[in-house]
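J.: One structure is given below, represented as structure tokens, and several questions about it will come after.
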Ligand SMILES: C[S@@+](CC[C@H](N)C(=O)[O-])C[C@H]1O[C@@H](n2cnc3c(N)ncnc32)[C@H](O)[C@@H]1O
């Protein structure tokens with residue numbers, strides 16, 4: 001894992017696209033086998049269904065293999081799902097068709113940075129699960145483009161990779177791997193390896209994320225940490241070996257994750273914003 005000295009936006013986007021194309025076929029299976037990811041996903045889905053009533057039209061930003069889009073469509077929402085990886089879009093199409101949900105889910109191969117090409121505005125809400133917004137080259141621009149797609153009062157529910165993951169700090173400091181321990185504090189895009197390729201990732205504090213969206217007219221509805229007491233998803237081996245401990249830790253997250261002073265930490269954070 002290394003910091004970027006210089007990468008063009010175009011190259012960063014292409015690297016990231018290639019990385020996700022390569023892993024698309026096995027992605028959903030791996031994520032569903034990971035108890036931490038399953039818990040994080042459940043929290044995000046609950047936040048979406050609290051914020052938008054069934055029947056509403058949702059925009060899935062970075063849908064990956066389409067698990068959330070299918071879940072929400074089955075729960076009565078209409079969903080437009082977009083992703084920058086054509087292989088991920090292929091997986092979503094297969095899932096939606098297989099479940100007979102084509103009438104409720106529209107699938108488009110489109111980057112979040114290209115939202116201006118979407119013609120179905122206004123949406124009642126948008127969501128982005130497990131970090132697609134960390135891969136967007138210009139978050140301010142993405143916020144403006146999203147604002148143009150949402151109806152006034154529409155919401156964004158986003159689970160975003162944060163900067164201060166307590167587990168990671170302890171783990172890598174104990175191993176005296178200071179570079180790795182500090183990686184999330186890098187400004188700008190960081191080269192994160194995925195299966196021999198690179199996902200260009202911008203780690204953000206909730207406050208940085210919120211200011212990009214505030215400039216586009218969004219205000220915060222709620223914020224909580226996701227993965228504060230609970231370990232990050234890449235410690236799935238540990239999580240699988242200690243199911244009772246994992247459930248105690250996720251309960252602790254559920255209890256204290258929204259506390260001021262704690263909610264800006266965590267492997268991810270879950271933020272709900274409302275468009276003006
Ligand atoms: C960690 S996966 C999460 C996928 C999905 N939201 C889920 O919960 O399973 C990140 C996804 O973001 C997509 N992505 C990365 N950069 C993107 C961009 N600029 N625009 C749209 N999607 C992007 C990737 O192709 C990948 O499918």
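J.: Criterion first (in contact (Cβ under 8 Å) with a residue 40 or more places away in the chain, surrounded by 17 or more Cβ atoms within 10 Å (Cβ to Cβ) and closer than 20 Å to residue 132 by Cβ) does residue 200 satisfy it? Working first, answer last.
T.: On the way: in contact (Cβ under 8 Å) with a residue 40 or more places away in the chain: yes; surrounded by 17 or more Cβ atoms within 10 Å (Cβ to Cβ): yes; closer than 20 Å to residue 132 by Cβ: yes.
Yes, satisfied.
J.: Name every residue in the range 57-79 that is surrounded by fewer than 24 Cβ atoms within 10 Å (Cβ to Cβ) and in a strand (DSSP E or B), in order of residue number.
T.: Within the range 57-79, 57, 78 meet the criteria.
J.: Name the pairs: first residue in the range 72-84 and more than 7 Å from residue 58 (Cα to Cα), second residue in a loop (DSSP other than H, G, I, E, B) and near the ligand (Cβ under 9 Å from one of its atoms), Cβ to Cβ under 7 Å, at least 6 apart or on different chains?
T.: So the pair list comes out as 81/63; 81/66; 82/63; 82/110; 83/62; 83/63; 83/64; 84/111.
J.: For the range 146-165, name all the residues that are part of a loop (DSSP other than H, G, I, E, B) and out of contact with any strand residue (DSSP E or B) (no Cβ under 9 Å at 6 or more places or on another chain). So that I can check it myself, show each step before the final result.
T.: Kept after step one, since they are part of a loop (DSSP other than H, G, I, E, B), are these residues of the range 146-165: 162-165.
Scanning the range 146-165 gives 163, 164.
J.: Condition check: in contact (Cβ under 8 Å) with a residue 12 or more places away in the chain, within 13 Å of the ligand (Cβ to nearest atom) and more than 25 Å from residue 138 (Cα to Cα). Does residue 38 satisfy that?
T.: On the way: in contact (Cβ under 8 Å) with a residue 12 or more places away in the chain: no; within 13 Å of the ligand (Cβ to nearest atom): yes; more than 25 Å from residue 138 (Cα to Cα): yes.
Spelling it out, it is not the case that residue 38 is in contact (Cβ under 8 Å) with a residue 12 or more places away in the chain, within 13 Å of the ligand (Cβ to nearest atom) and more than 25 Å from residue 138 (Cα to Cα).
J.: Does the range 1-13 contain any residue that is touching a helix residue (DSSP H, G or I) at 6+ places or on another chain (Cβ under 8 Å), under 24 Å from residue 235 (Cβ atoms), more than 11 Å from the ligand (Cβ to nearest atom) and assigned to a loop (DSSP other than H, G, I, E, B)?
T.: Looking through the range 1-13, at least one residue is touching a helix residue (DSSP H, G or I) at 6+ places or on another chain (Cβ under 8 Å), under 24 Å from residue 235 (Cβ atoms), more than 11 Å from the ligand (Cβ to nearest atom) and assigned to a loop (DSSP other than H, G, I, E, B).
J.: Would the range 161-180 turn up any residue that is within 13 Å of the ligand (Cβ to nearest atom), in contact (Cβ under 8 Å) with a residue 24 or more places away in the chain, closer than 26 Å to residue 17 by Cβ and touching a helix residue (DSSP H, G or I) at 6+ places or on another chain (Cβ under 8 Å)? So that I can check it myself, show each step before the final result.
T.: Applying the first criterion (within 13 Å of the ligand (Cβ to nearest atom)) to the range 161-180 yields 161.
Keeping just the survivors that are in contact (Cβ under 8 Å) with a residue 24 or more places away in the chain gives 161.
From the residues that got through so far, the ones that are closer than 26 Å to residue 17 by Cβ too are 161.
Now drop any that are not touching a helix residue (DSSP H, G or I) at 6+ places or on another chain (Cβ under 8 Å), which leaves 161.
Within the range 161-180, one or more residues are within 13 Å of the ligand (Cβ to nearest atom), in contact (Cβ under 8 Å) with a residue 24 or more places away in the chain, closer than 26 Å to residue 17 by Cβ and touching a helix residue (DSSP H, G or I) at 6+ places or on another chain (Cβ under 8 Å).
J.: Please enumerate the residues belonging to the range 223-234 that are in a loop (DSSP other than H, G, I, E, B) and in contact with a strand residue (DSSP E or B) (Cβ under 6 Å, 6 or more places away or on another chain). Before the answer, list the steps.
T.: Here is the first cut: in the range 223-234, the ones in a loop (DSSP other than H, G, I, E, B) are 227-232.
Residue satisfying the conditions is 227 alone.
J.: Within the range 64-78, is even one residue at positive phi and within 10 Å of the ligand (Cβ to nearest atom)?
T.: At the first step, the residues of the range 64-78 found to be at positive phi are 64, 66, 76.
Still in the list and also within 10 Å of the ligand (Cβ to nearest atom): 64, 66.
Within the range 64-78, one or more residues are at positive phi and within 10 Å of the ligand (Cβ to nearest atom).
J.: Would you check if residue 142 is in a helix (DSSP H, G or I), in contact (Cβ under 8 Å) with a residue 12 or more places away in the chain, more than 21 Å from residue 160 (Cα to Cα) and within 12 Å of the ligand (Cβ to nearest atom)? Full working, then the answer.
T.: Values: in a helix (DSSP H, G or I): yes; in contact (Cβ under 8 Å) with a residue 12 or more places away in the chain: yes; more than 21 Å from residue 160 (Cα to Cα): no; within 12 Å of the ligand (Cβ to nearest atom): yes.
So residue 142 fails the test.
J.: While we're on this one: Tell me the helices (runs of 4 or more DSSP H) entirely within the range 166-222 that contain at least 3 residues that are within 18 Å of residue 62 (Cβ to Cβ). Break it down into steps so the answer makes sense when it comes.
T.: Details: elements: 166-174, 178-182, 206-214.
Of the helices (runs of 4 or more DSSP H) lying wholly inside the range 166-222, those with at least 3 residues that are within 18 Å of residue 62 (Cβ to Cβ) span 206-214.
Read-outs: derived from the displayed coordinates by stated rules, not from any lab. Remember, predicted model here, so these are calculated numbers, not experimental data. Note that each Cβ is placed from the backbone with ideal geometry, even for glycine, and that neighbours are counted across all protein chains shown.
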